[in-house]
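Working notes for the structure below.
The values are calculated or read from the model by the stated rules, or taken from the named source; none is laboratory data. The structure displayed is predicted, hence computed values, not measured ones. Every residue, glycine as well, gets a Cβ built from its backbone with ideal geometry; the counts of neighbours run over all protein chains shown. We work out accessible area using only protein heavy atoms, side chains counted, and drop any ligands, DNA or RNA first. Shrake-Rupley method; radii C 1.70, N 1.55, O 1.52, S 1.80 Å.
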Amino acid sequence: MPLLPFLVSEIRARGPLTVARFMELALYHPEWGYYAGAAQRSGRRGDFFTSVDVGPLFGQLIAAQLAEMWGILRARGAAAFDLVEAGAGNGRLARDVLDAAAAEHPDLYRVVRLTLVERSEAARRAQAEILAPHAAHVAATGEALPAGVRGVIVANELLDAMPVHVVTRTDDGLREIAVGERDGVLHETLVPVSSEAVLEHLREAGAPVGAGARVEVGLAAGSWMREAAAALDEGFLLVFDYGGDYGGDYGEGGPSPEGTLVSYRGHTARSGRWLEDPGGQDLTADVDLGSLRRAAEAGGLTTLGILDQTYFLLSLGLADRVETGHDRRAIGQRLAARTLIMPGGLGSTMKAMVFGKNVGTPRLGGTASGRLT
């Protein structure tokens, strides 16, 4: 059964779906969801680009940061280093990190134990081949975060693909935008706010919803941050994603009065078309950095830095890695570096969030000179 008839059937049986429920099914349904249909959705042949698609440079710089983190944990008595990648896809970022660790940080490579966390069965099937050179270091794969992590949990562009609720203010007060159907066609409708948790999120954010503004509430992202904090016994959480700290008035100081939920297909953002072709396009929304920070700290993490990806990568020595020659390799590397730090692109759109647990407040290389724009 295609996903659209399934959604129509569920709406007719249970009433309108929250946007969060719609996204969960459209992205992660085990048979018809967007991520179930292919092992890799990003890259030139996919619908969007990530830092991993630029080449191995991103993974090399993360490896440099992990080597420093390993030094901190080793000084505290650790004998091994857990590397957990959440939303690991087919394992390309983990491969780039381990390639760099093997070549440049042998002390780290000897002790690293990799766990890949990924919901897509198709992506999990592809991991063994991509990580074959490092098979001895792959400890586990699965759909859930492991417990007792002593090392680092990394999540690159995971949270923006987590389901969000969407709230607006009408003349009758706060209402939640939901998904209804008419004659088999999906459409937006307004319903009472679906849970107290949504209202509590807005209260904690301290940001009143402006009249007519559409505000995404990322309960799933906050829940994941608390789960990651609980999974980490000692070490670090490193999150890359796009968004901002929307502590102002939503609709005025917030991301956009129209909200940030969009669909992507063929590297084109399709604002206002997120209900089209469920399961056949990517859905994404900006993450609220302030809410993520509150969730992390409520879970026992210490914030070590929140900064633009540009500053994080430059602080780790990106400029020193760029070759100056005119051969194809050097030119390609310079283009990759430019893409990773370009203002208005991945460099300023993407943010790096670094947290620690039971490690004090070390000044890490990646956060040494960075700032948030």
Here, the stretch 81-206 modelled as identical Cα point scatterers in vacuum has Debye log10 I(q)/I(0) at q = 0.10, 0.13, 0.20 Å⁻¹ of -0.52, -0.69, -1.04
Mean separation of Cα contacts under 8 Å (6+ apart) over length of the stretch 61-173, as relative contact order %: 35 percent
Heavy atoms only, probe 1.4 angstrom, no DNA, RNA or ligands counted: give me Thr361, Thr284 ranked by accessible area, highest first. Thr361, Thr284
How do Thr168, Thr302 stack up against each other in accessible area, from largest to smallest, with a 1.4 angstrom probe? Thr302, Thr168
Quick one: Karplus J couplings for the stretch 160-173, per residue in order, coefficients 6.51, -1.76, 1.60, θ = phi - 60°, nearest Hz, x for Gly and Pro? 5, 9, 8, x, 10, 7, 10, 10, 9, 10, 10, 4, 9, x
Where the only charges are on Cβ atoms (+1 Lys, Arg; -1 Asp, Glu), what is the dipole of the stretch 74-166 about its Cα centre, to the nearest 20 debye? 340 debye
With eigenvalues of the C-alpha gyration tensor scaled by 5 and rooted, the stretch 120-165, Å: 22, 16, 10
Which of the listed residues, His187, Pro146, His165, is farthest toward the dipole's positive end in the stretch 129-204, when Lys, Arg count +1 and Asp, Glu count -1 at the beta-carbon? Pro146
